[in-house]
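One structure is given below, encoded as structure tokens.
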Amino acid sequence: MDFQVVVLAGGFSKSLVPLVSKEVPKALLPVANRPVLSYVLDLLELKNLKDLIVVVEGETAALSVSAWISSTYIDRLHVEVAAVPEDVGTAGALRAIDHRLTAKDVLVVSGDLVCDVPPGAVAAAHRRHDAVVTALLCSAPVSGPSDSGSSGAKDKAKKPGRYNIMALDPTKQFLLHIAAGAEVEKDIRVQKSILRAVSQMEIRADLMDAHMYAFKRSVLQDVLNQKETFQSLRRDVLPYLVKSQLRSELLSSGVQSDENSNSKDAMQNSKILPSQLLANAFTPSFHELYALGPDGSASITRKTHKCCVYIANKSKYCARVNSIQAFSDINRDVVGDANHLSGYSFSAQNNVIHPSAVLGSKTTVGPQCMLGGGSQMGDKCSVKKSVIGRHCRIGSNVKVVSSVIMDHVTIGDGCSIQGSVICSNVQLQERVVLKDCQVGAGFVVTAGSEYKAESLAKKEKL
């Protein structure tokens, strides 16, 4: 495919506190008892993309991620882990490794992406249109509680997330406008030149920018070097490229264009009509038609560049672990309807119980559940739509519903856990009741405590 692949793995994401810690950076958070980064690496390996740069924010996080990759993917992938300063943003992370980018095109993938969309489809669309950027768009995932209870937030019903406002051309191949973050709530403002060029467009609020981008490397480097204040690919780089596509200051070589230059070829090809273009073997994009000028003449060339999209089929799964709610939702999905992504074989009861796990008398583990190796459960326990990690010790008469329990957790008799995330090495003493809570690593919840919608964690500076 001749693409250089960069995985942006983040660091200690503030949006995921208290799930992340000094010992567990974002990339190593477990989804169905596997580090979230493994989903992207496995997807790339499956498509024979085995030469990667994994960018991690912070030296400590980079060391942890590097050690895990070395032990897990030895002889499978060639991975260079690059540490960059913390909180530089996605654009800043790429700027920091700019000197390592050498291929004609660069595939940039977020390390928190869990999906089954083949990267080759995005790359093929990028090359087919000779685009400067091609973004993967997916149906916005449903967020909220599962059928049997909450999944870690105060939301009362499932709802599709509102991630972006997109404007697409009639062919749904080109991106005309994108608003993200705070921009979503503002009025949509599309440049007149783009509106005139396409005549009509489709506004979409049901699509998610999956943070898988194919970039023309020279253009990406040009933008990062010229726009030193740009920190985010989604909020800065992508909107800039979209807004400037019909008044491009970029060439494939990455240098500024001369808007007044008229080449000999352009003069020889003057008075080429749109009807002549339409008669060609391909259907021209609005960029080609616009470049001819208002009278259909190519005597004055207009510099344009293409910003493309690849829209995944609705049957594909695509979500990002970029919030506590998303972490809960994706764990639910990967042991539920999207269990083909888990890498595990599910039983006839539609669950995964490790052979070394021990269940007490009259203990039930329902469908869409996972119980990790070495974990033990006492008598008369009930687990529904939850993930339980490795080497956990769970007492008797414990109820776990729509929750994620990480490794080495101790839970006393009579506890009730619903819609919560319990991090590694936590101790819940007897008769604790948790609903919609997050408990940070190593925290001890005293006997008989009841919490609802609380974040419990040791005080720690990340």
* Modelled label-to-label distance, residue 449 and residue 205, 7 Å Cα→beta-carbon offset: nm? -> 4.0
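So for 74, 97, what's the accessible-area order with a 1.4 Å probe, most first? Before the final figure, lay out each step's value.
Numbers: 74 110, 97 5 Å².
These residues rank, largest area first, as 74, 97.
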* Asked: Across region 437-450, in residue order, what do the Karplus-derived ³J(HN,Hα) couplings come to in whole Hz, using 6.51 cos²θ - 1.76 cosθ + 1.60 with θ = phi - 60° and x for Gly and Pro?
  -> 10, 10, 10, x, 4, x, 6, 10, 9, 6, 4, x, 6, 10
* Asked: Can you tell which of 33, 70, 10 lies farthest toward the positive end of the dipole of region 1-70, using +1 and -1 charges on the Cβ of basic and acidic side chains (Lys, Arg; Asp, Glu)?
  -> 33
* Structure fact -> Residue separation between residue 459 and residue 340 times 0.36 nm, minus their alpha-carbon distance, gives in nm 39.1 nm
* Asked: Could you give the dipole magnitude of region 319-426 about its Cα centre, charging the beta-carbon of Lys and Arg +1 and that of Asp and Glu -1, in debye to the nearest 20?
  -> 140
* How large is ³J(HN,Hα), in whole Hz, for each residue of region 6-20 in order, when computed from phi with the Karplus curve 6.51 cos²θ - 1.76 cosθ + 1.60 and θ = phi - 60°, using x for Gly and Pro? -> 10, 10, 8, 8, x, x, 9, 5, 5, 6, 10, 5, x, 5, 7
* For each pair in 172/314; 104/172; 22/459; 362/384, compute the distance between the two Cα atoms and list the pairs where it is over 19 Å. => 104/172
* Asked: Using a simple spin-label model with points 7 Å from Cα along the Cα→Cβ vector, what separation in nm is obtained for residue 78 and residue 226?
  -> 3.3
* residue 455 long-range amide H proximity, modeled H, under 5 Å -> 438
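Report the local net charge at residue 58: Lys and Arg +1, Asp and Glu -1, summed over other residues whose C-beta lies under 11 Å from its C-beta. Don't skip to the end; give the middle numbers.
Values: positive: 22, 26; negative: 57, 59, 86, 87.
Summing Lys/Arg as +1 and Asp/Glu as -1 gives -2.
What is the local net charge at residue 28, summed over the other residues whose Cβ is closer than 12 Å to its Cβ (Lys, Arg +1; Asp, Glu -1)? Mind showing how you got there, number by number?
Working: positive: 22, 26, 34; negative: 23, 112, 407.
So the surrounding residues net to 0.
Quick check of the Kirkwood formula: for region 37-135, what is the inverse mean of 1/r over all pairs of different Cα atoms, in Å? Mind dumping the intermediate values first?
Numbers: mean 1/r = 0.0687 Å⁻¹.
One over the average 1/r among Cα pairs gives 14.6 Å for region 37-135.
In a shell of Cβ-Cβ distance under 11 Å around residue 69, excluding residue 69 itself, what net charge do Lys and Arg (+1) and Asp and Glu (-1) give? Please report the intermediate quantities before stating the final value.
Numbers: positive: 76; negative: 80.
Summing Lys/Arg as +1 and Asp/Glu as -1 gives 0.
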* ³J(HN,Hα), Karplus 6.51/-1.76/1.60, whole Hz, each residue of region 381-395, x for Gly, Pro -> 9, 9, 10, 10, 6, 9, 10, 10, x, 8, 6, 8, 10, 10, x
* residue 124 to residue 67: extension gain in nm, 0.36 nm per residue of separation minus the Cα-Cα distance? -> 17.2 nm
* Percent of Cα pairs exceeding the 17 Å cut-off, where the set is region 420-462 -> 22
* Taking amide hydrogens as modeled 1.01 Å from N in the peptide plane, which residues meet the under 5 Å criterion relative to residue 177, leaving out close sequence neighbours? -> 167
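The values are calculated or read from the model by the stated rules, or taken from the named source; none is laboratory data. What you see is a predicted model, and the numbers here were worked out from it, not measured in a lab. Cβ: placed from backbone, ideal geometry, glycine included. Neighbour counts: every protein chain shown. Only protein heavy atoms, including side chains, enter the accessible area calculation; ligands, DNA and RNA are left aside. Shrake-Rupley method; radii C 1.70, N 1.55, O 1.52, S 1.80 Å.
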